[in-house]
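Have a look at the structure below, then the notes.
The values are calculated or read from the model by the stated rules, or taken from the named source; none is laboratory data. Computed from a predicted model, the values in this text were never measured in an experiment. Cβ placement follows ideal geometry from the backbone for every residue including glycine, while neighbour counts extend to all protein chains displayed.
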Amino acid sequence: MRFAIVVALGTMLAVTAFGQTEGKQDARAGRELPAYPNAKPMDRHSDGRYTLMLKTLHGSADGASYSSPDRPQQVLEFYRDRMKRLGEVVECQNGTNRKGDLQVDEKVTAHPATCYPENFAAGGTLLKTVSGATQRIVVVLPQGDGSEISLYTVRPEMY
């Protein structure tokens, strides 16, 4: 079954295997990847970007977006330190996607340790760890003098 979903709203979201968003807030991403200290949840992007787009994913994904007054390098250092406990950290810079923060498609799930700049936010930095098929992903963007932070956990079903 193929599907695509664009999630433009929701500070925290959960997407089921069939691409449906649940109406309740979901803190699973926050439990696996901690919210940055003193970061504030974001309701939506002021420029209309989507937070997460799933294309052809069979499985589940959840995430949360925050803003912080701290510089991107400071935020990235925090997440590098936390994520290395989960495994090798892959770092990808200079995202080129101007429509959203993260797009998950077949190539991202088939080659999880590879960087695809077109799949994460323009000007952003992506950090991820891979454990089995599960990917834990952080996207950090400059936002004024501070940062925009998006946390995701992507769990594709393996057949």
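Quick notes on this one:
- The residues in region 40-93 that are among the polar types (S, T, N, Q) and in contact with a Gly (Cβ under 7 Å, 6 or more places away or on another chain) can be counted, and the count is 3.
- Residue within region 22-39 that is outside any strand (DSSP E or B), surrounded by 13 or more Cβ atoms within 10 Å (Cβ to Cβ), at pLDDT below 85 and on the phi > 0 side of the Ramachandran plot present: no
- Considering region 131-148, the residues that are more than 20 Å from residue 75 (Cα to Cα) and out of contact with any helix residue (DSSP H, G or I) (no Cβ under 8 Å at 6 or more places or on another chain) include one that is surrounded by the most Cβ atoms within 10 Å (Cβ to Cβ), namely 134.
- Residue match in region 1-13 (condition: at pLDDT 80 or above and surrounded by 13 or more Cβ atoms within 10 Å (Cβ to Cβ)): no
- Members of region 86-103 found to be under 20 Å from residue 62 (Cα atoms) and either part of a helix (DSSP H, G or I) or of a type in the set (Lys, Arg) (or both), listed by number: 86, 99
- Verdict on residue 153 being under 16 Å from residue 60 (Cβ atoms), in contact with an Asp or Glu (Cβ under 7 Å, 6 or more places away or on another chain) and either surrounded by fewer than 15 Cβ atoms within 10 Å (Cβ to Cβ) or at pLDDT below 95 (or both): yes
- Selection status of residue 79, outside any strand (DSSP E or B), modelled with pLDDT of 95 or more, farther than 23 Å from residue 157 by Cβ and in contact with a Leu (Cβ under 7 Å, 6 or more places away or on another chain): yes
- Given (1) among the polar types (S, T, N, Q); (2) closer than 23 Å to residue 34 by Cβ; (3) outside any helix (DSSP H, G or I), index of the condition residue 74 fails: (3)
- Condition broken by residue 108, with the remaining ones in (1) at pLDDT 90 or above; (2) crowded, with 17+ Cβ neighbours inside 10 Å; (3) out of contact with any strand residue (DSSP E or B) (no Cβ under 7 Å at 6 or more places or on another chain) satisfied: (1)
- Tally of residues being touching an Asp or Glu at 6+ places or on another chain (Cβ under 9 Å) and either aliphatic (A, V, I, L, M) or not in a strand (DSSP E or B) (or both) across region 104-144: 13
- Residue 59 being at pLDDT 75 or above and at positive phi: yes
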